[in-house]
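Some notes on the structure that comes next.
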Amino acid sequence: MKNKKFLQRLAVVTAVSLMTVSSVQPLTAKAVSFPDEYVNHKKALKNATLRVGYASDEPFKGIFIDELDSDGKTSVMAAPGSASLFGYDNDGKYVAGGFGNVKFDRKNNTALISITKKARWSDGEPVTSRDAAYAYEIQANKDSNSPYYNEMLENIEGVKEYHEGKADKITGLEEKDSKHLLIHFKELTPAAEYAGSGYVANVAYPYHYLKDVPFDKLVSSDKVRKHPLFFGPYAIKKIVQGESIEWVPNKYYGGPKPKLAKIITEIVPLSQAATAMKSGKYDVLLNTSSATYNKIKDDKKLVTLGSLGTGITYLGFKVGHADKDGKSVMDKSLPISNRALRQAMAYAMNVEAVTKKFGHGVTKHANTLISPNYGTYHDKSVKAYNFNLKKANELLDKAGFKRGKDGYRTQPNGKKLVLTMLDQKGSESNVAARANYIQLWKKVGLNVKLYSGKALEYNNYLDVLSSNKKHNFDLWTGVWSLPPEPTSYPSYISAPTSELNYGHFTSKENDKLVAQMNSQKAFNTKYRIQQMHKWQQYMQKEAYVVPLYYQYDLETVGKNVKNISADATDVKYNLWDQVALTK
């Protein structure tokens, strides 16, 4: 039973460590393979302290409620204390055996959540059905301003009315008793039975602890940011905001007794990550970049674990805005709304050349928005946007983007064309790759400038990306870290009401395809796969979001670490309750 991917919380998150083109390997090159686990047969030490580094040049935000947090780092940093309610198998489908179970009734459109007596918060209080229901209320309450409120959540009876302030509770959440929550859906879809789909929350939050905090104050509350409760194997002893967390065993944990006396999770700058691991400063390095991997791959004291992930690095285009109700609206007057312009920009990117210069075999050029990790849901027949300046020029010429005397093109209406690119700070190779792409766009006559004239710090970047200011930028690069449910990208991120739909793309065809892949007919897997393939073909043609790279999820561990794996298939509750140190 798979309870978590390696050390990560189950959520759709914006893991926007962007312009990771420096780590890309072309599809034609031989990729590196990585083990799923390191087997250490030595005897575990008692009272040991495990030091975990997370490679990043930006601090973690420290909002310990997934429904309010768009920072992937915080979820990973919180992994020693976190626990999911339900387990799921290798395909992401919910299975029995966790701190809770979920049973679906298609005939009555319900899901019954059962919580075991073993589940207890780090203050000793039991995890209840009220805590499970509270997770939906946090996500649905308009005052909490959750970026994850969407149409899938509205499939629960009464959610929309609650969100709009027309009801003071969600009628579709029926607390049968303290351990059972019955969820009433308008319609059960195939996605509901899979982790991360947005239909069934795989988390709970301590209502007894947070009930006095207004929804609009949760994000800033000390109970959320400084003294959060968890029902996983470890509890927080100390937080240095944005920098580190010190964990000690949760004495009320319902799973196996934790093997360590202490865990310290800490942000480590990317430039220092390799040296820190080689020197033994950390026992585990999360978010191992390709550059770091290349520096430590020959170190006999270390081993890198990983596999091709479900995530996608992409080039996005902002083609609209959100209206007063938060629904995405396309703006056809924007230059970037022209499909030929978007396609031309994709063809003008020499991804293969960049990967040959900077890549280390740990990332693949993407041909669709769905990773091969999803198996047959990935459409391998879709053609990638391969480097072709001639094709780019032809598209622009035919669409009426004429070159001026300065070499730059104008809009078809004759107006000046300057495109603004939003990006965040990165390594030297990141900077070189971005400059390379801007130069290539210039070769086809496109004038691309950076937002505010420079790459932004991560948190500033994210603020601009998620803001709803009209026409403040035209394109950006991003990374989505996605859950096991294969339709999570189309049904979650591209939804018209989703706050994660940063480009505000919407269309009747997209809505139709997304609806079909989660219709009653889609309980037939073959049909569902066909609809997913149609969606990938449609998105590749329209180029509202251009897939760039599939990424390997890499973590590096010292050979003194025991019971750690990149594929927690056999983990019942939480990977961290098994981890130990040896000599």
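The values are calculated or read from the model by the stated rules, or taken from the named source; none is laboratory data. None of these values were measured; they are calculated from a predicted model. Backbone-built Cβ (ideal geometry, glycine too); neighbour counts: all protein chains shown. With ligands, DNA and RNA removed, areas are computed over all heavy atoms of the protein, side chains included. Shrake-Rupley method; radii C 1.70, N 1.55, O 1.52, S 1.80 Å.
What number of residues within region 180-210 satisfy the criterion of being in contact with a helix residue (DSSP H, G or I) (Cβ under 8 Å, 6 or more places away or on another chain), part of a loop (DSSP other than H, G, I, E, B) and under 26 Å from D123 (Cα atoms)?
The total comes to 6.
May I ask you to list the residues in region 274-293 that are modelled with pLDDT of 90 or more and either among the charged types (D, E, K, R) or open to solvent by 20 Å² or more (accessible area, probe 1.4 Å) (or both)?
T275, K278, S279, G280, K281, D283, N287, Y293 - these are the residues of region 274-293 that are modelled with pLDDT of 90 or more and either among the charged types (D, E, K, R) or open to solvent by 20 Å² or more (accessible area, probe 1.4 Å) (or both).
So the check is Cβ under 9 Å with 6+ separation or different chains; which pairs have a first residue in region 68-81 that's free of Cβ contacts under 8 Å to residues at least 60 places away in the same chain and a second one that's part of a helix (DSSP H, G or I)?
D69/S75; T74/D66
I need the full set of residues from region 229-243 which are in a loop (DSSP other than H, G, I, E, B) and in contact with a Pro (Cβ under 6 Å, 6 or more places away or on another chain), in order please.
Once the filter is applied, which keeps residues that are in a loop (DSSP other than H, G, I, E, B) and in contact with a Pro (Cβ under 6 Å, 6 or more places away or on another chain), region 229-243 yields L229, P233, G242.
Report, ordered by the first and then the second residue, all pairs with beta carbons closer than 8 Å, sequence separation of six or more or different chains, a first member in region 267-292 that is over 11 Å from D57 (Cβ atoms) and free of Cβ contacts under 8 Å to residues at least 60 places away in the same chain, and a second member that is open to solvent by less than 10 Å² (accessible area, probe 1.4 Å) and of a type in the set (S, T, N, Q).
Final answer for the pair search is A274/T292.
When region 300-338 is examined, which residues are found to be among the β-branched types (V, I, T) and in a strand (DSSP E or B)?
V303, T304, T310, I312, T313, V329
Taking the condition out of contact with any Asp or Glu (no Cβ under 7 Å at 6 or more places or on another chain) and open to solvent by 20 Å² or more (accessible area, probe 1.4 Å), does Q531 pass?
Taking the combined requirement at face value, the residue does not satisfy it.
Before we move on, is E485 touching a strand residue (DSSP E or B) at 6+ places or on another chain (Cβ under 6 Å), of a type in the set (D, E) and not in a helix (DSSP H, G or I)?
Yes; evaluated as a whole, the condition is true for this residue.
With (1) within 27 Å of W576 (Cβ to Cβ); (2) open to solvent by 20 Å² or more (accessible area, probe 1.4 Å); (3) in a loop (DSSP other than H, G, I, E, B) as the list, and K169 as the residue in question, which single condition is left unmet?
Against the list (1) within 27 Å of W576 (Cβ to Cβ); (2) open to solvent by 20 Å² or more (accessible area, probe 1.4 Å); (3) in a loop (DSSP other than H, G, I, E, B), K169 comes up short only on (1).
Taking the residues in region 359-376 that are touching a helix residue (DSSP H, G or I) at 6+ places or on another chain (Cβ under 6 Å) and surrounded by fewer than 22 Cβ atoms within 10 Å (Cβ to Cβ) as candidates, determine which candidate is modelled with the lowest pLDDT.
H360
Residues checked against (1) surrounded by fewer than 21 Cβ atoms within 10 Å (Cβ to Cβ); (2) under 20 Å from I156 (Cα atoms):
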{"position": "N101", "(1), (2)": "yes, yes"}
{"position": "N109", "(1), (2)": "yes, yes"}
{"position": "K118", "(1), (2)": "yes, no"}
{"position": "A132", "(1), (2)": "no, yes"}
{"position": "Q139", "(1), (2)": "no, yes"}
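Are there any pairs, at least 6 apart or on different chains, whose C-beta atoms fall under 6 Å, with the first in region 451-468 and within 22 Å of V418 (Cα to Cα) and the second hydroxyl-bearing (S, T, Y) and surrounded by 13 or more Cβ atoms within 10 Å (Cβ to Cβ), and if so, which?
What qualifies is Y451/T420; L465/Y502.
I'm told V354 meets every condition in (1) over 24 Å from F505 (Cα atoms); (2) modelled with pLDDT of 95 or more except one. Can you identify the failing condition by its number?
(2)
How many residues does region 296-339 contain that are open to solvent by less than 30 Å² (accessible area, probe 1.4 Å), over 14 Å from T506 (Cα atoms) and small (G, A, S)?
3
Just need a number here: residues in region 48-61 that are of a type in the set (G, A, S), at pLDDT 95 or above and either over 21 Å from Y293 (Cα atoms) or open to solvent by 10 Å² or more (accessible area, probe 1.4 Å) (or both).
1
State which residue pairs qualify: first residue over 16 Å from I183 (Cβ atoms) and at pLDDT below 95 and inside region 151-167, second residue among the acidic types (D, E) and open to solvent by 80 Å² or more (accessible area, probe 1.4 Å) in any location, beta carbons under 7 Å apart, and separation of 6 or more residues or different chains.
none
Quick one: Y573 ticks every box in (1) farther than 30 Å from R339 by Cβ; (2) crowded, with 24+ Cβ neighbours inside 10 Å; (3) modelled with pLDDT of 90 or more except a single one, so which number is it?
(3) is the only condition that Y573 fails.
Taking G309 as the residue in question, decide whether it is within 30 Å of N40 (Cα to Cα) and not basic (K, R).
Yes.
Quick check on G87: is it in contact with a helix residue (DSSP H, G or I) (Cβ under 7 Å, 6 or more places away or on another chain) and either of a type in the set (K, R) or more than 22 Å from K223 (Cβ to Cβ) (or both)?
no
Checking L341 against (1) under 12 Å from N501 (Cα atoms); (2) part of a helix (DSSP H, G or I), which test does it fail?
Every listed condition holds for L341 apart from (1).
Give me the residue from region 556-570 that is in a strand (DSSP E or B) and out of contact with any Ser or Thr (no Cβ under 6 Å at 6 or more places or on another chain) and, out of that set, modelled with the lowest pLDDT.
Residue satisfying both the conditions and the ranking: D567.
Does region 247-258 contain at least one residue that is in contact (Cβ under 8 Å) with a residue 24 or more places away in the chain and among the aliphatic types (A, V, I, L, M)?
No, the conditions are met nowhere in region 247-258.
Which residue out of A111, A133 is part of a helix (DSSP H, G or I), in contact with a strand residue (DSSP E or B) (Cβ under 8 Å, 6 or more places away or on another chain) and of a type in the set (A, V, I, L, M)?
The match here is A133.
Quick check: anything in region 147-157 in a strand (DSSP E or B), in contact with a His (Cβ under 6 Å, 6 or more places away or on another chain) and within 20 Å of S84 (Cβ to Cβ)?
no
Among the numbered criteria (1) modelled with pLDDT of 95 or more; (2) assigned to a helix (DSSP H, G or I), which single criterion is violated by M349?
Tallying (1) modelled with pLDDT of 95 or more; (2) assigned to a helix (DSSP H, G or I), M349 fails exactly one: (2).
Given the conditions (1) farther than 25 Å from L68 by Cα; (2) assigned to a strand (DSSP E or B), report the number of the one that K259 does not fulfil.
Answer for K259: the failing condition is (2).
For region 423-480, give me the residue count where each residue is of a type in the set (D, E), open to solvent by 30 Å² or more (accessible area, probe 1.4 Å) and over 29 Å from N294 (Cβ atoms).
Here the count works out to 1.
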